[in-house]
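Structure record follows, encoded as structure tokens.
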Amino acid sequence: MVPAERHAPAKWLNQQLDSVKPRRVALDSSALTNWDSALISFLTLSSGYCRALGIEQDRSRLPDELKHLVELAEPLPEKKGARSEALRPSLLTRIGEASLAYSLALNELAAPL
């Protein structure tokens with residue numbers, strides 16, 4: 001399968017979800033005999049689509065190992081307060097930066113002489 005075709009099933013599912021807009025999608029792997037990383041990729045992409053559309057995704061009928069791998073592959077929600085606010089540089093840092101800028105400016109003025 002070429003890379004462009006690899007995500008085709010997930011894109012098809014996204015189109016179906018967008019047009020039908022179900023409240024819930026149930027995943028059933030009872031007929032699944034074997035799987036590889038393409039299934040994890042598909043489930044991760046479909047999970048993102050469902051989340052973006054506000055659709056519940058029921059994974060209760062997936063094997064525990066597969067559920068765990070999909071959970072590991074999904075992005076984590078950002079924790080509140082995890083982003084650090086831009087702090088104002090300390091007084092000493094500002095004095096040092098101003099001194100360096102002043103020194104460079106003096107060197108540029110003295111250079112033509």
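Any chance region 32-48 includes a residue that's among the β-branched types (Val, Ile, Thr), out of contact with any Pro (no Cβ under 6 Å at 6 or more places or on another chain), part of a helix (DSSP H, G or I) and at pLDDT below 85? No, there is no match, as no residue in region 32-48 is among the β-branched types (Val, Ile, Thr), out of contact with any Pro (no Cβ under 6 Å at 6 or more places or on another chain), part of a helix (DSSP H, G or I) and at pLDDT below 85.
Consider region 17-54 and keep the residues that are free of Cβ contacts under 8 Å to residues at least 12 places away in the same chain and among the hydroxyl-bearing types (Ser, Thr, Tyr). The one that is surrounded by the most Cβ atoms within 10 Å (Cβ to Cβ) is Ser37. For Ser60, state whether it is polar (S, T, N, Q), over 23 Å from the mean Cα position of the chain (by Cα) and closer than 30 Å to Lys11 by Cβ. Taking the combined requirement at face value, the residue satisfies it.
Do you know which of the residues in region 6-47 that are polar (S, T, N, Q) and more than 22 Å from the chain's Cα centre (by Cα) is farthest from Leu66 (Cα to Cα)? If you could, list the steps in order and put the result at the bottom.
Restricting attention to region 6-47, the residues satisfying the condition of being polar (S, T, N, Q) are 14-16, 19, 29-30, 33-34, 37, 41, 44, 46-47.
Still in the running and more than 22 Å from the chain's Cα centre (by Cα): 16, 19, 29-30, 33-34.
Details: Gln16: 24, Ser19: 28, Ser29: 10, Ser30: 13, Thr33: 13, Asn34: 11 Å.
That would be Ser19.
Condition check for His68 on (1) in a helix (DSSP H, G or I); (2) at pLDDT below 90; (3) not basic (Lys, Arg): one failure, at (2).
The set of residues from region 73-113 being modelled with pLDDT of 85 or more, surrounded by fewer than 10 Cβ atoms within 10 Å (Cβ to Cβ) and either under 30 Å from Tyr49 (Cα atoms) or not aliphatic (A, V, I, L, M) (or both) comprises just one member, Ser90.
The values are calculated or read from the model by the stated rules, or taken from the named source; none is laboratory data. Because the structure is a prediction, the values reported are computed rather than measured. Methodologically, a virtual Cβ is constructed for each residue, glycine included, from the backbone with ideal geometry; neighbour enumeration extends over all protein chains shown.
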